[in-house]
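Notes to accompany the following structure.
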Amino acid sequence: MLRQSPLGGQPLPSGQRAGQDVLPDAAVQIFIQRLAALACVATMVVKVPSPTGGYMNLGDTVVLLGGYLLGPAWGALAGSIGPALADVLLGAPLYAPATLVIKAGMAALAAVCWQTFGRGHGPLGLAACGIVGELPMVLGYWLYDALLMRSLTGAAAGIPSNLVQAAFGIAASALLASALGRSAYVRREFPRL
């Protein structure tokens with residue numbers, strides 16, 4: 001017996017539960033790639049240097065949105081590759097490994113929070129799950145900067161700029177996800193939203 005896939009497109013094989021992450025069909029793979037590219041561009045477009053040598057950017061909006069649309073696993077993949085690639089392309093390759101892990105954690109946590117607690121609570125639920133998702137970014141870059149600088153105190157100088165980036169990412173992703181959620185097409189193709 002075949003049922004409609006929760007990712008849209010191909011039906012699920014018998015025994016596969018809706019909501020389980022399965023190997024995505026070609027259309028979903030293309031969407032993951034496009035979202036990764038969008039996250040890379042959003043990270044690169046506005047680049048404001050932070051005191052610790054990193055930079056503030058708009059990429060968190062796409063990272064969180066990817067988690068809401070694709071769920072924890074595929075959202076983490078889509079949301080982490082683009083920003084890590086942006087680090088390499090922008091001349092900060094030392095941050096790429098940390099970015100890959102941190103952004104994957106962001107998307108996965110925001111997605112799990114949304115699927116578990118946030119649904120039905122609209123933009124406020126999205127914002128609350130965005131806060132949960134942004135925690136690994138603020139803490140992760142603080143700890144990674146501390147490792148590079150060998151000083152927790154010195155690395156704390158980057159926390160305010162990371163909080164500003166997080167606040168923008170939370171607000172923008174909540175508004176975008178709410179707007180997208182009003183579309184019957186988006187709700188059908190991305191039932192996790």
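The values are calculated or read from the model by the stated rules, or taken from the named source; none is laboratory data. Computed from a prediction, not measured in an experiment: that's the story for all the values here. In this analysis, Cβ positions are derived from the backbone assuming ideal geometry, glycine residues included, and neighbour counts consider all displayed protein chains. Note: accessible area is taken over every heavy atom of the protein model, side chains too, but ligands, DNA and RNA are not part of it. Shrake-Rupley method; radii C 1.70, N 1.55, O 1.52, S 1.80 Å.
From the convex hull of the Cα coordinates of the stretch 91-193, what is the mean projected area in square nanometres? Hull-based average projected area comes out at 7.3 nm². Of interest is the spacing of the C-alpha centroids, which for the stretch 151-178 and the stretch 83-145 amounts to 10 Å. The mean of 1/r over all distinct Cα pairs in the stretch 40-134, once inverted, gives the Kirkwood hydrodynamic radius of 13.1 Å. Among the cysteines of the chain, those whose beta-carbon sits 4.7 Å or more from every other cysteine beta-carbon are Cys40. List the longest stretch of the chain that has no exposed loop site; here a site is one of the trypsin sites (Lys or Arg not before Pro) assigned by DSSP to anything other than H, G, I, E or B, with at most 12 other Cβ within 10 Å. Counting only loop sites that pass the neighbour cut-off, the longest clear stretch is 18-149. Each principal axis of the Cα cloud of the stretch 74-126 was evaluated for its coordinate range; sorted largest first, these ranges are 41, 16, 14 Å. Around the Cα centre of the chain, unit charges on the Cβ atoms of Lys, Arg, Asp and Glu (plus for the first two, minus for the last two) sum to a dipole of about 420 debye.
Using 1/(1 + (r/R0)^6) with R0 = 22 angstrom and r between the beta carbons of Ala184 and Leu124, what's the FRET efficiency to the nearest 0.05? Plugging the Cβ-Cβ distance into 1/(1 + (r/R0)^6) gives 0.45. Under 5 Å between amide hydrogens, built in the peptide plane, is the criterion, and for Tyr55 it picks out Ser50 among residues at least 5 positions away or on other chains. A simple rule links phi to the HN-Hα coupling: the Karplus curve 6.51 cos²θ - 1.76 cosθ + 1.60 with θ = phi - 60°, which for the stretch 170-176 gives 5, 5, 5, 5, 5, 5, 5 Hz, with x for Gly and Pro. Rg and Dmax over the alpha-carbon atoms of the chain stand at 16.8, 59 Å. A DSSP coil position with no more than 14 other Cβ atoms inside 10 Å describes none of the chymotrypsin sites (Phe, Trp or Tyr not before Pro) in the stretch 18-93. Counting only protein heavy atoms and a 1.4 Å probe, the chain has 48 square angstrom of accessible area per residue.
Computed per residue of the chain from DSSP H runs no shorter than four, each worth -39500 (n - 2.57), the mean residue ellipticity at 222 nm is -23000 deg cm²/dmol. Taking the 1.4 Å solvent-accessible surface of the chain as the whole, the part contributed by carbon and sulfur is 72%.
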